[in-house]
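Asker: Pasting in a structure now, in structure tokens, and then I'll have a few things to ask.
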2 protein chains.
Amino acid sequence: MADHVTVRRARADAKDVADLVTRLAADYGERAVTSRAVRDGHSHGEGFADSGLPDVVVFPETNEEVAAIVGLASAARVPVIAFGVGTSIEGQVAAINGGVCIDLTRMSRVLEVNAADLDCRVQAGVLREQLNAELRDTGLFFPIDPGANATIGGMASTRASGTNAVRYGTMRENVLGLTVVTPDGRIVRTGGRARKSSAGYDLTRLFVGAEGTLGVITEIQLRLYGMPESICAAVCQFGTLEGAVQTVISAMQQAIPVARIELLDDVQMDACIRYSQLEGYAVKPTLFFEFHGSESAVAEQSGALQAIAAEFGGSAFERATRPEERNRLWKARHAAYYAAKAMFPGKDVFATDACVPISRLADCLLETKADADATGLVAPIVGHVGDGNFHLCVPYDARDPADRAKAEGLARRISLRAIAMGGTCTGEHGIGIHKLDALVAEHGEAVDLMRTIKRALDPHNIMNPGKTVPQ
Amino acid sequence: MADHVTVRRARADAKDVADLVTRLAADYGERAVTSRAVRDGHSHGEGFADSGLPDVVVFPETNEEVAAIVGLASAARVPVIAFGVGTSIEGQVAAINGGVCIDLTRMSRVLEVNAADLDCRVQAGVLREQLNAELRDTGLFFPIDPGANATIGGMASTRASGTNAVRYGTMRENVLGLTVVTPDGRIVRTGGRARKSSAGYDLTRLFVGAEGTLGVITEIQLRLYGMPESICAAVCQFGTLEGAVQTVISAMQQAIPVARIELLDDVQMDACIRYSQLEGYAVKPTLFFEFHGSESAVAEQSGALQAIAAEFGGSAFERATRPEERNRLWKARHAAYYAAKAMFPGKDVFATDACVPISRLADCLLETKADADATGLVAPIVGHVGDGNFHLCVPYDARDPADRAKAEGLARRISLRAIAMGGTCTGEHGIGIHKLDALVAEHGEAVDLMRTIKRALDPHNIMNPGKTVPQ
């Protein structure tokens, strides 16, 4: 879909870019890098193989440095692309018009942890696993878990979620406030530490999910949670995909506060069993659960879910309460993408991201599976099904135009099917450059309001141009 | 603080207004009302006595009619003020520049209830109690409860919350999508029915809390919840305010999922005992609780809280599980404002709305109580303290400039104190016209971004001018 992208302004003037690179080299020395290898490494994320070389990669260490870099780029009308660790998968970080890539990984400090208030403030380059490691002694944790060990800034920018969102919400619900460098180089704080506020427009939610098109997020105030007294994982296998999906629907409708509820279809289970040496499981549609709470609450929740699963033909629960057992299961779940990739060595893999109201989940999954089967592509399904969100991890050959067309056609039909069922083309991966058409199909006239906001806040279209909202 | 308000454009040209009123009368007949009584009734909300007469009140019945009215007002550059039932308390609905008041109470249908998906779509004029009455047979409920029987459109526009927010979140978390009429008269849908989405900018959250300054909300897609299997209310009295507050802080830090946790200080208890004939309670700082869940979960939660309360000098819990007992308690709690009003017949009452991180709650409450005592004003305290949010209901004489200055001074100090403690000047009442200065004190440079958005989406400043964001 990238072919249809138009931007308000073409690539910046070559001399302006050269002057800016010279100036950044003078100001930042070895922290302004123009080597081909580093620029290559900052030219793309994961997923579809779109890329775009930035002209320079700068590694700022403070809010003020980010503001200075953006200010210079703004004056020169040169694009600015914020970069974490490049795990986004819709082309969000490809410098498709060149420009300055701002790598935030040197801004990687946890600035404050307010244990009593269950919140913390981190720099944008802090990694998810790093944050939880630093929190360990406090008895608190940050639950949002998109699988990849992404930066918190990147997770905020793509409105990420993942396996825990069914219980703890997404980045939308868990970001209390932000520090943002605006397109004209100002440092602005949004939101705050209060749990709720009715003070003015919700700028925090506007920047969360904006994929760096409205400003560069440099700091994030996050909600934290107490480590549950008890955690129990469980695995349940089903004879049919319908049985697994109906179990999820019932659990959600009965409001069982499950912390994770993940579906792997038979194809994905096959891949995961091989890739992660998961022993003792059949190649069947499977649900992975996790329950958080007091010991009695966890027992009550898992008992209730086991009863529901049994109604729909589920096997007896295999429970894992010891951390190492649980970790093995979730590691296998998180490796689903790599397991799919390993099925066809040398092929690329792209992931779809439909999310629908739970009552339409069975229809959407089954139609999608039939659609995928008809293309001849092998398409394992994995999903955060408690939210109605599922992914196909589709191995394909990016260098083969026919294979690529087949893959993109499937991806587009999945987006449109989810939208037709009252859902969204992206539950958590974002729009990037690949879903601009789908955004218009989903939001229609509202896209014009998004465009108005983009033009008002970034009149020179320098912030990650060509992404998120068609101009 | 209303004195400092400036608007980009003065009152609309008198002839333009007259022509518009004539046109609306022609189009809407008896549904376009210019009688003084009806305009008076639409000139103010509750709280501080600011008011402003609209030139005409129109009662549309469809999205298209709202769009047509806004389109005409836009062409004539005449202000538009959306109106529900007038329970906002920061001057949000005062037509301070005249204009067209759009009364949405004839748009009062519940459009769809998707029980399986735990969501519904309602017109903006649906009342909170009406919605829950219509939901009763489904086993579902909508938890947000600001006390007043407000319209859902008004609650969305002020980002309302209330007693249940500690468990279920605020309107921010519970609005899935909106239908909005934009300042140029287009009908736009935002969000959707999926539980989460990363598709583009979060317009839903931008309109929630915008107090009608960016558009008129005409329909709201809401999250619903299953009625809990078991509900238990409890009351606990304390020798000191500190004991009550420390109990709340401990409960929050231990993440006990209490559904409501409300504080009434001794002055407020005195007022409530008299006003609501609450028998058997002492004039002491008091916590009202409610627990939702399975029977065992409710027993576990209330047992844990009772143990915490006992540590801080709380009395034995007095529990109420029967609906009529619970309702009596919560009715008394919700009548706090009227109970305060009844203490001084003939006086007005305004409510403050500080919200701070929970670790600062005791400091903030105690300093505020001392501050209020020093003014000589009687200031009962009531609060959604699980969120760090509390209100003073302050009786004063609006016609006495000295009394009003004293009341406004106290209100301003409370806002600034909350901000200095890392909190917000308004947890749930909004900015309206009274807190424009406080918004600037709280958000600084970010207010400029809000202004940029306002000017981009409403270039002629016709949507509820003079509110929410200083122009």
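Asker: With the label 7 angstrom out along Cα to Cβ, how close does A:Asp363 come to the same site in each of the other copies, in nm, nearest first?
Answerer: Ordered by distance, the counterparts are at 5.5 nm.
Asker: Could you give the Stokes-Einstein D for the stretch A:380-420 in µm² per second, using the C-alpha Kirkwood radius, 20 °C, 1.002 mPa s?
Answerer: 189
Asker: Okay, moving on. Within the stretch B:316-339, whose backbone N sits under 18 Å from a point 7 Å along Cα→Cβ of B:Ser230?
Answerer: B:317-326
Asker: Among B:Cys393, B:Ala26, B:Val38, whose Cα sits farthest toward the positive end of the charge dipole of chain B (+1 at Cβ of Lys/Arg, -1 at Cβ of Asp/Glu, about the Cα centre)?
Answerer: Final value for the positive-end residue is B:Ala26.
Asker: From the label point of B:Glu445, set 7 Å from Cα along Cα→Cβ, how far away are the matching label points in the other copies, in nm, ordered shortest to longest?
Answerer: Listed shortest first, these distances are 3.6 nm.
Asker: Return the sequence-ordered ³J(HN,Hα) values of the stretch A:292-303 in whole Hz as given by the Karplus equation 6.51 cos²θ - 1.76 cosθ + 1.60 applied to θ = phi - 60°, using x for Gly and Pro.
Answerer: Each residue of the stretch A:292-303 in turn: 10, x, 5, 4, 6, 5, 5, 5, 5, 5, 6, x Hz.
Asker: Among B:Asn174, B:Ser161, B:Ser198, which residue has its Cα furthest toward the positive end of the charge dipole of the stretch B:152-198, with +1 on Lys/Arg Cβ and -1 on Asp/Glu Cβ?
Answerer: Going by the charge dipole, the pick is B:Ser198.
Asker: Further question: Please average, across the residues of B:112-122, the number of beta carbons from any other chain that are within 10 Å of each residue's own beta carbon, and give a whole number.
Answerer: 3
Asker: Which cross-chain or sequence-distant (5 or more) residues have an amide H under 5 Å from the amide H of B:Arg260, H modelled 1.01 Å from N in plane?
Answerer: Here the answer is B:Glu290, since their amide H atoms fall under 5 Å of that of B:Arg260.
Asker: So what is the orientation-averaged projected area of the stretch B:418-461, using the convex hull of its C-alpha atoms, in nm²? Numbers along the way, then the final one.
Answerer: Working: hull surface 13.9 nm².
Result: a mean projected hull area of 3.5 nm².
Asker: Another one. From the phi angles alone, apply the Karplus equation (6.51, -1.76, 1.60; θ = phi - 60°) to the stretch B:215-224 and give each ³J(HN,Hα) in whole Hz, x where the residue is Gly or Pro.
Answerer: Going residue by residue, I get x, 9, 6, 10, 9, 9, 8, 10, 6, 10 Hz, with x marking Gly and Pro.
Asker: Give the peptides A:15-23, A:203-211, B:408-416 in descending order of average Cβ contacts within 10 Å, highest first.
Answerer: A:203-211, B:408-416, A:15-23
Asker: Per residue, how big is the convex hull around the C-alpha atoms of the stretch A:144-208? Give it to me in cubic angstrom, could you?
Answerer: 93
Asker: Place the peptides A:375-383, B:37-45, B:459-467 in order of packing, highest mean first, counting for every residue the other Cβ atoms within 10 Å and averaging per peptide.
Answerer: Ranked by mean Cβ neighbours within 10 Å, highest first: B:459-467, A:375-383, B:37-45.
Asker: Report, for A:Lys15, each distance to the same residue's label point in the other copies, shortest first and in nm; define the point 7 Å along Cα→Cβ.
Answerer: 5.4
Asker: Which of the lysines could be linked to B:Lys454 by a straight reach, that is with a Cα gap under 18 Å, when you skip same-chain ones fewer than 8 residues away?
Answerer: Within the straight-line cut-off, B:Lys454 pairs with A:Lys454, B:Lys435, B:Lys467.
Asker: On to the next question. For A:Arg451 paired with B:Asp448, estimate the spin-label separation in nm (one decimal), with each label point 7 Å from Cα along the Cα-to-Cβ line.
Answerer: In this crude label model, A:Arg451 to B:Asp448 measures out at 2.8 nm.
Asker: Next question, about the same structure. Compute, for the stretch B:415-471, the length of the dipole vector about the Cα centre, with Cβ point charges of +1 (Lys, Arg) and -1 (Asp, Glu) only. Units Debye, rounded to 20.
Answerer: For the stretch B:415-471, the charge dipole is close to 100 debye.
Asker: Using only the Cα atoms, what convex hull volume per residue in Å³ does the protein assembly as shown have?
Answerer: Once divided by residue count, the hull of the protein assembly as shown is 158 Å³.
Asker: Binned at 5 Å from 0, what are the whole-percent values of the Cα-Cα distance distribution for the stretch A:202-288, short to long?
Answerer: P(r) for the stretch A:202-288, in whole percents per bin: 3, 11, 16, 13, 11, 11, 14, 13, 7, 1.
Asker: Provide the packing ranking of B:166-172, A:148-154, A:317-323, i.e. peptides ordered by the mean count of other C-beta atoms within 10 Å per residue, highest first.
Answerer: A:148-154, B:166-172, A:317-323
Asker: Tell me the relative contact order for the stretch B:12-112 as a rounded percent, counting alpha carbon contacts under 8 Å between residues six or more apart.
Answerer: 34
Asker: Let me ask something else about it. Using θ = phi - 60° and the Karplus form 6.51 cos²θ - 1.76 cosθ + 1.60, what ³J(HN,Hα) does each residue of the stretch A:460-471 get, whole Hz, x for Gly and Pro?
Answerer: Per residue, the Karplus-derived 3J(HN,Hα) values read 9, 6, 9, 7, 6, x, x, 10, 6, 10, x, 9 Hz.
Asker: In addition: What are the lysines whose alpha-carbon lies under 30 Å from the alpha-carbon of B:Lys284, with same-chain residues fewer than 8 places away excluded?
Answerer: Reachable lysines: A:Lys196, B:Lys331, B:Lys341, B:Lys347, B:Lys369, B:Lys406.
Asker: Also: Peptide B:255-263: average number of partner chain Cβ atoms within 10 Å per residue? Display every interim value, and only then the final one.
Answerer: Numbers: counts 8, 1, 3, 0, 0, 0, 0, 0, 0.
Average neighbour count from other chains, rounded to a whole number: 1.
Asker: Still on this structure, I have one more. Roughly to the nearest percent, how much of the accessible area of the stretch A:113-190 is carbon and sulfur, given a 1.4 Å probe?
Answerer: Whole-percent figure for carbon plus sulfur exposure: 45.
Asker: Given the DSSP H assignment, sum -39500 (n - 2.57) over each helix run of at least 4 residues in chain A and divide by its residue total; what's the result at 222 nm in deg cm²/dmol, nearest 500?
Answerer: Details: 17 runs with 178 residues, N = 471.
After summing the helix terms and dividing by the residues of chain A, the value is -11500 deg cm²/dmol.
Asker: Debye calculation, C-alpha points only, no solvent: report log10 I(q)/I(0) for chain A at q = 0.06, 0.07, 0.10 Å⁻¹, in the same order as the q values.
Answerer: -0.26, -0.36, -0.74
Asker: Please work out the Kirkwood hydrodynamic radius for the stretch A:102-210, using every pair of different C-alpha atoms, and report it in angstroms with one decimal place. Please list the in-between numbers first.
Answerer: On the way: mean 1/r = 0.0693 Å⁻¹.
After inverting the mean inverse Cα-Cα distance, the result is 14.4 Å.
Asker: Hey, another quick one. Multiply the residue separation of A:Ala420 and A:Ser51 by 0.36 nm, subtract the distance between their alpha-carbon atoms, and state the gained length in nm to one decimal.
Answerer: 129.8 nm
Asker: For the pair B and A, how large is the buried accessible area, both sides, in square angstrom to the nearest 100, if the probe is 1.4 Å?
Answerer: For chain B against chain A, roughly 5900 Å² becomes buried.
Asker: If you take the square roots of the eigenvalues of the alpha-carbon gyration tensor of the stretch B:328-417 and sort them as a ≥ b ≥ c, do you get rounded (a/c under 1.5), prolate (a/b over b/c) or oblate?
Answerer: oblate
Asker: Given H placed 1.01 Å from N in the peptide plane, which residues other than close sequence neighbours of B:Leu140 have an amide H under 5 Å from its amide H?
Answerer: B:Met227
Asker: Quick query: amide H of A:Val93 versus all other amide H atoms, modeled in the peptide plane; which residues come in under 5 Å with a sequence gap of 5 or more or a different chain?
Answerer: The answer is A:Gly45.
Asker: Distance between the C-alpha centers of the stretch B:27-57 and the stretch A:287-327? Whole Å please.
Answerer: Value for the Cα centre distance between the two parts: 58 Å.
Asker: Using DSSP, restrict attention to beta bridges with both residues in chain A and report what percent are antiparallel, rounded to the nearest 5.
Answerer: 85
Asker: Let me ask another. Residue by residue through A:447-453, how many Cβ atoms from other chains fall within 10 Å of the Cβ on average?
Answerer: Working: counts 5, 3, 14, 7, 2, 5, 7.
The per-residue average across the peptide is 6.
Asker: Going out from 0 in 5 Å bins, what whole percent of all Cα-Cα distances in the stretch B:375-471 drops into each bin?
Answerer: 2, 12, 19, 20, 19, 13, 10, 5, 1, 0
The values are calculated or read from the model by the stated rules, or taken from the named source; none is laboratory data. Remember, it's a predicted structure, so these values are computed and weren't measured experimentally. Reconstructed Cβ throughout: ideal geometry from the backbone, glycine too, with neighbour counts over all protein chains shown. SASA here: full protein model, heavy atoms, side chains in, ligands and nucleic acids out. Shrake-Rupley method; radii C 1.70, N 1.55, O 1.52, S 1.80 Å.
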